[in-house]
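Heads up: the structure comes next, in structure tokens.
The values are calculated or read from the model by the stated rules, or taken from the named source; none is laboratory data. Bear in mind that the values here come from a model prediction, so they are computed numbers and not experimental data. Note: ideal-geometry Cβ built from the backbone for every residue, glycine included; neighbour counts use all protein chains shown. All accessible areas refer to the heavy atoms of the entire protein, side chains included, with ligands and DNA or RNA removed. Shrake-Rupley method; radii C 1.70, N 1.55, O 1.52, S 1.80 Å.
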Amino acid sequence: MNLLTANTLPFKLTPPSAERCLPRPRLFAKLDSGARLVWIAAPAGSGKTSLVSSWLKARGKSALWYHIDAGDAEPAAFFAYLSLAAGRFMSDDEALPLLTPEYALGLPVFARNFFRRLWQTDCRLLVLDDYHDLPANAALHVLLRHGLEETPANAQVIVVSRNEPPAEWARMRLSGEVSLLGWQDLRLDDDECRRLAANRLGHAMNDDRAALLNRRVGGWAAGLVLALEHGDIEGGNRLADDPLLFDFFAAEILAGLEAELPEFLMLCALLGEIRPDSAAELTGRADAENLLADLARRNLFTVYHRGSGCYEFHPLFREFLLTRASRHYASSRWRELTARTASILCAHGDFEAGIERFLAIEDWAAMADALLVLAPTLHAAGRIAGLAAWLAALPETELDRRPWLRYFQGACRLPINPEEARRFYAMAFAGFDVADDAAGCYSAWIAIGASFIFAFEGIAAADPWLAVLPALRERFPAFPNPELEAGVLTFSLFLPTLRHPDTPGLEGIAARLEDLTPGIRDPQLKVAAASNLLMYWLGVRGDNLRAERLAARFAADSLGEATPPLVRLMWETMHAFHYWLAADMAGLEQVLCRALSFAETSGVRILDCYFKLQAVLIPAYAGDRKGAADALAALLPYMAMPRGYDAYQYHFLRLLEARARRDDAAVVDAASEVERYAARTEILSCASYALLAAVWRCQAEQDAAGALAAMNKAKAAAPGCGSVVAHWDVLFAELELAESLGDEDVMSRALAEFFAFGKRYGLANCYGIHWQRPVLARYCVATLARGVALDYVEGLIRRHDLLPERPPLQADGWPWPVRIQTLGRFEIRLDGKPLAFSASRAPVKPLELLKALIGFGCRDVGQEVLADALWPDADGDAAKRALHTNLHRLRGLLGEDCLSVRDGRVSLDPSRCWCDVAVIETMAATGECFCADVSRCPLPPNGEFLPHETGLPWLAEARKRIERLCVEAKLKCRIGGRG
């Protein structure tokens, strides 16, 4: 049955009819107790199911009824069916999640979330019937424990089983969460025996006779029905819960029926879920529905399910009938009947039951045909284990005749073993090719491309598949549908960028894919297409404007409430990459926190390794070595059996961290691992970074010649590596190497080349910059001094908030966050823009505080000095309060980091705040002039300090001090001397 499109509920999701069931008030009271979880455990035929169904009828309750069977050993099957059952409590656009492979690492979380959402519907009662049919080693035991712990106080779960709760539920039992109704509770008492007998016989039975009969059957409901049906009320045989006696008396009853009825019953037992039309077709009896209805009315171990319109034999009775049938019919006839039953079941949509019967008689062709119909539904519902097992049972010849079955073999293996999945997809492709099936060929080709994303190593194996595509496109020029075109274009773009970035026509592919992507219906394909487009425009082409437009275009898709969890996390990987390249660490950190939190709450943990790899970058950027080391340590559990690419990334981050703390031994070890795993990936950009690893390894080993040789190889390979970021990292590493070797000529050339390349592609970040911002600051100072790429360098400085070790007073183009002019005029510029106020709203006192701070020396000015200067008439405490208030207001104007107070002394931060007086003080102290020419010297001819200020009591002394500094600076400064 197609679980996703069934119009009526399957048999296993419908409650049995409560007609003619014996009301049992004494047990109803126990079910009324309000316990969140009730477990009913008693032998077969004890009336467990009848008790619950009659209680529901008596109380007018509606329940979600679930018949557990052996197929529920696959948790995905259980949750798929339960999601279908819950649909009647939900609107058409809502659905409970399916247990698809992405939840494999978060199964308990999935179970909890599933049941939380179930109880958010109007469902308040769940019945799990036949729990004993679940195998003892089934994973569902643990998942149900997690899920049912979420049952709210106003809801109830009733479990019906022949056994007591499994060991996995021990904690729930010990905590008193489980109310147990056992065999002693369910045994019929004498009154119940009398009432049940009267119901079946049509007349009353006296108390003594009922008590005698009840002692004989030991309170066993099935035994009582057998005795009454057989007419053996006074016999001496005991009928207490003995299956052998059940079989004996059932045979006796069968022998007493009309001649053709026993065969009718045996054939119906083959069906399991007995639809009247199926029974009529199998048995040839036009009156099948009447016969079944009569059996149900007589309560002869036959139950009617009103929700599905089907009948069901009691398990003991069905088992007896099947055993008897297998002896009654010759083996050839039995096989024929089983095959016919399977065909009827499939014709009525019950493919699972039909497939099981075909499997039992090894009718491989019929089983394969049925699987062709059912496989897409099972795969979509996440029922991969069951589907894979059925496919594995089929002979190779049957699979080869049906390429779509090979395709689904690959789909089952894709999350587990992408390389093996690719082998099955290749078989499917070959079959589709022979069959001239365009949709099949393109589907298999796309799936093969997806296998490389899942594996992300051994990418060279994609070359033959790229080679077959032109011929395929020529053979099938029209795509069967836009989704297939989008899929082919996605991997036509993705695979070449990893191995052959110079492939002609990639830009045209990207443009066409960008047009198609908004209309893609498959959310996973849509995010894959968008991600590959972003990687292409940003990573390969360096087109930031196009990438920005693309990210904005799909922003709504990434965080929509209806977005599937895995797809939402896939979008987050795209956002993380984008923020990192843009050097937006606040944005990156926000994405990573959001993604990891969502992964934990949703149970989709398969991308955790990616996000935690990116999380290392946050403390690394801030220079937090311990934080970076801790983040790397958190990745160790993922390195037990990593993908090659994940291991490559991990060891590359280790390498960068080891370089940052100058640990040569760790550098050598990590570099060797980077080289090893990069070779496994067979990705060109990884190979470029492996060459950088070789450079750094040689440096750590004091092998300058080896480092230069490796750098020459890296430089030669960089233009064709398919990543402008990797190329920029190579240029940054060359600059570092030249600096370490003291080669001024190479450094000068490399400096110009590095910034020119970055400006050409609008680059903002690479690994070298990310881990060594102080080094970048030093290079920016040197570049500004040469007057090269001033606007671009200024943008980098602002983007990375660079703070060089020594304030770059000589770099006139340095984009100071705050620039204060006090000689000749008073002006404040924030990020290059003048700070202006209206006359009525000017913060007079904070600005006066700033002027006084500069007048008294800019740095280490005592708070008492400032308080006395600005509030000479106030008492000590009032002056202190006024000072603190205005310091706070001044920080609000300039920025928190521009002003510091330590040990009672106030300073302007020289790394963030340029001030002409501070420059003069440095010039006077060192004799060094930081100006390129006289015209740009901060010592103008009429450079009086705050010339437009009057009436400030401290101003005259400050002017005298600064005038002396100017004279001293002019005497010592070479430019001042020439002036």
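A few remarks follow.
- Residues in the stretch 720-760 that are among the small types (Gly, Ala, Ser) and open to solvent by 10 Å² or more (accessible area, probe 1.4 Å): Gly720, Gly722, Ser723, Ser740, Gly742, Ser748, Ala752, Ala756.
- Taken together, Arg473, Arg521, Arg423 contain a single residue that is of a type outside the set (Gly, Ala, Ser) and closer than 25 Å to Leu399 by Cα, which is Arg423.
- When Arg162, Arg187, Arg194, Arg200 are screened for being touching a residue at least 60 places away in the same chain (Cβ under 8 Å), buried (at least 20 other Cβ atoms within 10 Å of the Cβ) and basic (Lys, Arg), only Arg187 passes.
Residue-wise test of (1) assigned by the TED database to the domain that holds Asp630; (2) among the aromatic types (Phe, Trp, Tyr); (3) open to solvent by 20 Å² or more (accessible area, probe 1.4 Å).
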{"position": "Ala658", "(1), (2), (3)": "yes, no, no"}
{"position": "Ser685", "(1), (2), (3)": "yes, no, yes"}
{"position": "Tyr689", "(1), (2), (3)": "yes, yes, no"}
{"position": "Gln699", "(1), (2), (3)": "yes, no, yes"}
{"position": "Lys715", "(1), (2), (3)": "yes, no, yes"}
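- Residues that are open to solvent by 50 Å² or more (accessible area, probe 1.4 Å), without any contact (Cβ under 8 Å) to a residue 40 or more places away in the chain and within 27 Å of the chain's Cα centre (by Cα), drawn from the stretch 379-413: His379, Ala389, Arg413
- Every test in (1) under 36 Å from the mean Cα position of the chain (by Cα); (2) assigned to a loop (DSSP other than H, G, I, E, B); (3) of a type in the set (Lys, Arg) is passed by Arg806 save one, and that test is (1).
- Number of positions in the stretch 890-909 that are under 45 Å from the mean Cα position of the chain (by Cα) and open to solvent by 20 Å² or more (accessible area, probe 1.4 Å): 8
- Subset tally (residues that are touching a helix residue (DSSP H, G or I) at 6+ places or on another chain (Cβ under 7 Å) and in a helix (DSSP H, G or I)) for the stretch 745-774: 17
- Any pair with Cβ under 9 angstrom, 6 or more apart, that starts in the stretch 723-743 at a residue that is outside the structural domain of Ser685 (by the TED database) and ends at one that is outside any loop (DSSP other than H, G, I, E, B) and not basic (Lys, Arg): none
- Looking only at the stretch 414-445, and only at residues there that are under 25 Å from the mean Cα position of the chain (by Cα) and surrounded by fewer than 21 Cβ atoms within 10 Å (Cβ to Cβ), the one that is nearest to Leu391 (Cα to Cα): Glu420
- Hits in the stretch 894-924 (condition: out of contact with any helix residue (DSSP H, G or I) (no Cβ under 7 Å at 6 or more places or on another chain), of a type in the set (A, V, I, L, M) and under 20 Å from Cys966 (Cα atoms)): Ala918, Val919
- Yes/no for Ala136 being in a helix (DSSP H, G or I), open to solvent by 20 Å² or more (accessible area, probe 1.4 Å) and not hydroxyl-bearing (Ser, Thr, Tyr): no
- Criterion applied to Ala510, Ala547 was being surrounded by 22 or more Cβ atoms within 10 Å (Cβ to Cβ), part of a helix (DSSP H, G or I) and modelled with pLDDT of 90 or more, and the one residue passing it is Ala510.
- Arg209 vs. criteria part of a helix (DSSP H, G or I) and either of a type in the set (Asp, Glu) or assigned by the TED database to the domain that holds Tyr131 (or both): no
- Candidates Arg20, Arg26, Arg88 - the one that is open to solvent by 10 Å² or more (accessible area, probe 1.4 Å), outside any loop (DSSP other than H, G, I, E, B) and more than 30 Å from Leu374 (Cα to Cα): Arg26
- The residue of the stretch 690-717 that is farthest from the chain's Cα centre (by Cα), among those that are over 24 Å from Arg778 (Cα atoms) and small (Gly, Ala, Ser), is Ala705.
- The single condition among (1) touching a Lys or Arg at 6+ places or on another chain (Cβ under 6 Å); (2) part of a loop (DSSP other than H, G, I, E, B); (3) not aromatic (Phe, Trp, Tyr); (4) not assigned by the TED database to the domain that holds Leu128 that Ala204 does not meet is (1).
- When we screen Phe479, Phe491 for residues that are closer than 23 Å to Cys441 by Cα, touching an Asp or Glu at 6+ places or on another chain (Cβ under 6 Å) and not assigned by the TED database to the domain that holds Glu682, the only hit is Phe479.
- Residue list for the stretch 836-859, filter: on the phi > 0 side of the Ramachandran plot and not in a loop (DSSP other than H, G, I, E, B): none
- Residues of the stretch 581-611 satisfying the condition of being under 30 Å from Ile416 (Cβ atoms), open to solvent by 10 Å² or more (accessible area, probe 1.4 Å) and either not in a helix (DSSP H, G or I) or not small (Gly, Ala, Ser) (or both): Cys593, Arg594, Leu596, Phe598, Glu600, Thr601, Arg605, Ile606, Leu607, Cys609, Tyr610
- Residue selected from the stretch 67-85 under the condition touching a strand residue (DSSP E or B) at 6+ places or on another chain (Cβ under 7 Å) and not in a helix (DSSP H, G or I), by the criterion nearest to Val52 (Cα to Cα): His67
- Out of Asp294, Asp277, Asp287, Asp350, sole residue that is of a type outside the set (S, T, N, Q) and open to solvent by less than 50 Å² (accessible area, probe 1.4 Å): Asp350
- Scope the stretch 469-503; condition open to solvent by 50 Å² or more (accessible area, probe 1.4 Å) and in a helix (DSSP H, G or I); matching residues: Pro470, Ala471, Arg473, Glu474, Arg475, Pro482, Arg499
- Candidates in the stretch 105-133 are the residues that are closer than 15 Å to Ala77 by Cβ and among the charged types (D, E, K, R); of these, the one that is least open to solvent (accessible area, probe 1.4 Å) is Asp130.
- In the stretch 299-320, the qualifying residues are those that are free of Cβ contacts under 8 Å to residues at least 60 places away in the same chain and either open to solvent by 50 Å² or more (accessible area, probe 1.4 Å) or touching a Pro at 6+ places or on another chain (Cβ under 9 Å) (or both), and the one that is farthest from Asp133 (Cα to Cα) is Tyr311.
- Scanning the stretch 330-364 for residues that are outside any helix (DSSP H, G or I) and without any contact (Cβ under 8 Å) to a residue 24 or more places away in the chain yields a total of 2.
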